[in-house]
Structures are given as C-alpha cells and as structure tokens.
Amino acid sequence: MADNVNPILVLVDVDPSGAPASSTAALIGAASAIGTPIALVVGGGPDAAAQVASFGAATVISEEGDASLLTVPVVDALQRAYESVQPDAVLISNSIAGRDVAGRFAVRAKLALAVDAVGVSRDDEGVVAHHSVYGGAYLVDSAPTFGAPVITVRQGAVEARAEAVDDTVFAAATGPFPVSGVAASAGPVEAVEQASSRPELRGAARVVSGGRGLASKEKFVLVEQLADALGAAVGASRAAVDAGYIPQSHQVGQTGVSVSPQLYVALGISGAIQHRAGMQTSKTIVAINKDPEAPIFDVADFGIVGDLFTVVPQLIAALEARKK
Ligand code: FAD
C-alpha cells in the first residue's frame, strides 16, 4: 500500500446480500482520476472483493462486518484503513448509509467534510470537490485548508470509469475488532422480494418522472409505461406525491432524491426550483408540457409542447416499434 501514488480511499457501500452497491464503479472511477483507488469493503460477500477489483481498485481491503450493527463498525473500519493508507482524500457514496458514515468519520478524524459532490479533481494544493448548488444554478468548488477531505459523491454524477488492473492487491484486515462506543443495532436483517424490476431511482442511468399534469393515480401509469419502454426508474414531483399518485420515495428534488442520470424525462412537471434542485445535473433533459412558458423548458435539452396524454402513448409506441 505504501507504494501507491496519491492514494484515494474509497468506502464501498455493501447491500444486505454482501454485494457492492451500484455506486462503486463511479466512486472508483472518480478516485482513479485523482490518484490511486484503494477500496475498503466492510461486510462484503465472498465475491465482493473480486467485483470491486474489477472496477479498477489497485488495492481492496476487506474487513468482516456484523450486518446487524449500524454505522459505527464501518466508521471504525474506515478509521483503521485511513490510518494505514494515509490517503489524499476519502470518497464515500452520498447514499443514506454513506452520508451517515462520512459525517461520523469526518468528526472523529477531524477532517473536512464535503457533501454531495458531482465531481472531484486535483489542483496544486490537493483534492477539490465540485458541487452543484442553488438548484443547479451554480457550480462551486470546495477544498480543505488542512488534511484530506472526506467527500460524499452524488450517485450517477460521475461518468469516469477506471480500467481493471492486473495486479490488484487483496488485503484482509484481521479482527475481531471491538466496536467502539455504542453502536445501534438492527435485526434480524431480511431481504425483501423486489416488487418491481425497474432500476432504483438513486443512481439510475435513466429516469422518467411525472408531475401534477398526470392528473390522477390511475393515469400516472403512463409514466411507468414510458419508464418500462426506456428501462428507466420512475420519479415524481412533490405535487404528484402529495396528490397520492406515487409514494414519497419516488420524489425528486430538494426534499426528495437527487438524481443525475444520462436521461431525465419530465412529464407534466412545471420545473419549480425545488424540483430542479434534484435533477438539473442530469446529462440530457427531455420535457413534455402543454405550457410553452413552463420553467422546465429553461433547463431542457429537448422539449415537446403538447398534451402528454397524446404525446407519451405515441412515444411508447415508437420505442416499442424500434425494439422489434
Ligand atoms: P405543477 O407546478 O402544478 O405543474 C404541473 C405542470 O403540468 C404544469 O406545468 C402544466 O402545464 C403541466 N400539465 C398539466 N396537464 C398537462 C398535460 N395534459 N400535458 C402536458 N403537461 C401538462 N417539488 C418537487 O418536485 N420536489 C421537491 O423535492 C420539492 N421540495 C419542496 C420543498 C419546499 C420547501 C417547497 C416550498 C416546495 C417544494 N416542492 C418540491 C414543490 C415545488 O415548489 C412545486 O410545487 C412542485 O414541484 C410542483 O410540481 P408539478 O410540477 O408536478 O406541479
């Protein structure tokens, strides 16, 4: 580990089955652009280290974890890895679990915390995090005045991917390690059968969102049909959530989920600043709205002024026809 130039420590999110989360490739890709990615996997399954290596980590440190204990054991493991690696920066997914670990670790290690970065780079003084703020109206940079920054990276925001290296070093942190302080526990952990085969909203490459313009829960099915035709996740505006068209977990925006997909399709959404805050960094934005003055068109790359109940079925039919 000592030979790694500009080491960047990456904490891998692990799902309850022990598999690395979908955010892993982008985190390692971001790390490889600013140094040498050293990945830490806590509580991963038997194949987790090899999977993480395939994303381009130069070193994969694996540590056993107790899935019933929340946050603290991961912070402990991160602290051990940090002391051993002495990285230039620590990259963590901006997931719910990732944010929890990042905050605790930054306080414990007395390091600067930069949250919800949409990219990272390096200048003469060290690692810089890039953020999209005020509803995506400004891009700002943050960098610590001392020490390595702890940076949470928005899922889906980083496109860079690292090449797998031939000589990945696999290191096992050998415990058992005592858990410091009081750790909250949850259990037993049980995998729940997914009711939907659609991608998860956070980190999805494509998102189709519906707003108040859908007019009812029954008609909101049109959003799901277009999402399925595109292999996309389903999102919504707060107005659609408040009207009961779809559960709150699908809300995109300031008080919902922030997404940064390759493609974001907004159906019957006006484009209020609070909605744009959660989707404005999407790579390509398509809006369908019957009001030509709707603010969503200010951020859209492609816009259709029309009745979504006329346009969307035609779109679905065209997409299905292309698959044949
Ligand atoms: P509307 O603004 O009512 O827009 C509906 C649109 O549908 C209109 O533009 C209309 O022209 C169009 N339309 C209607 N019928 C059709 C049709 N047949 N075909 C095509 N177009 C049609 N909002 C969020 O989305 N996410 C958040 O996280 C969020 N957080 C908030 C936090 C705070 C503190 C506050 C105050 C507000 C927040 N909001 C949030 C609410 C936000 O301000 C807007 O009220 C909301 O985004 C509006 O949702 P909408 O665009 O679906 O509805």
Worksheet entry | Antiparallel bridge percentage (DSSP; both residues within segment 97-181; nearest 5) | 75 percent
Item to complete: Could you calculate the contour length gain from Gln314 to Glu125, that is, 0.36 nm times the residue separation minus the distance between their Cα atoms, to one decimal place in nm?
Response: 62.7 nm
Discussion item. Residues of segment 251-273 with backbone nitrogen within less than 11 Å of a virtual label 7 Å along the Cα-to-Cβ line of Lys219, please, listed as ranges.
Written reply: 268
Worksheet item: Where does each of 252-259, 232-239, 110-117 land if you order them by average Cβ count within 10 Å, highest first?
Response: 232-239, 252-259, 110-117
Worksheet item: Could the peptides 290-297, 4-11 be put in order, highest first, of the mean number of other beta-carbon atoms found within 10 Å of their residues?
Response: 4-11, 290-297
Response to the item:
With Cα springs under 10 Å, the Gaussian network model of the chain assigns the largest mean-square fluctuation among Asp66, Asp167, Asp124 to Asp124
Item to complete: Please find, in a Gaussian network model of the chain (springs between Cα atoms separated by less than 10 Å), the residue of Glu63, Glu218, Glu200 whose mean-square fluctuation is greatest.
Response: Glu218
Item to complete: Rank Gly119, Tyr134, Ala77 by how far each Cα sits towards the positive end of the charge dipole of segment 76-145 (+1 on Lys, Arg Cβ; -1 on Asp, Glu Cβ) and give me just the farthest.
Response: Ala77
Worksheet entry | Within a Gaussian network of the chain (alpha carbon springs, distance under 10 Å), most fluctuating of Ser197, Ser132, Ser54 | Ser197
Worksheet item: With all protein chains present, how much of the accessible area of the chain (probe radius 1.4 Å) comes from carbon and sulfur, to the nearest whole percent?
Response: 53 percent
Fill in: Average accessible surface area per residue within segment 21-142, 1.4 Å rolling probe, Å²
41 Å²
Worksheet entry | Fraction of beta bridges assigned by DSSP in the chain that are antiparallel (%, nearest 5) | 20 percent
Worksheet item: Taking amide H positions as placed 1.01 Å from N in the peptide plane, with prolines and chain starts having none, which residues 5 or more places from Val265, or on another chain, fall under 5 Å of its amide H?
Response: Val207, Val208, Ser209, Val286
Discussion item. Expected output is a single nm value to one decimal: the length gained when fully extending between Arg80 and Asp301, i.e. 0.36 nm times separation in residues minus the C-alpha distance. What is it?
Written reply: 75.0 nm
Discussion item. If each residue of separation counts as 0.36 nm, what is the full-extension length gain between Asn6 and Thr255 once their alpha-carbon separation is subtracted?
Written reply: 86.0 nm
Response to the item:
Reduced to Cα centres, the span from segment 144-164 to segment 212-266 in Å works out to 28 Å
Worksheet item: How many Å² of accessible area per residue for segment 219-324, probe 1.4 Å?
Response: 46 Å²
Worksheet item: What whole number of Å gives the distance from the Cα centroid of segment 58-96 to the Cα centroid of segment 112-142?
Response: 22 Å
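The values are calculated or read from the model by the stated rules, or taken from the named source; none is laboratory data. Fair warning: this is a prediction, and the values are worked out from it, not measured in the lab. Every residue, glycine as well, gets a Cβ built from its backbone with ideal geometry; the counts of neighbours run over all protein chains shown. Heavy atoms of the whole protein, side chains included, go into the accessibility calculation; ligands, DNA and RNA do not. Shrake-Rupley method; radii C 1.70, N 1.55, O 1.52, S 1.80 Å.
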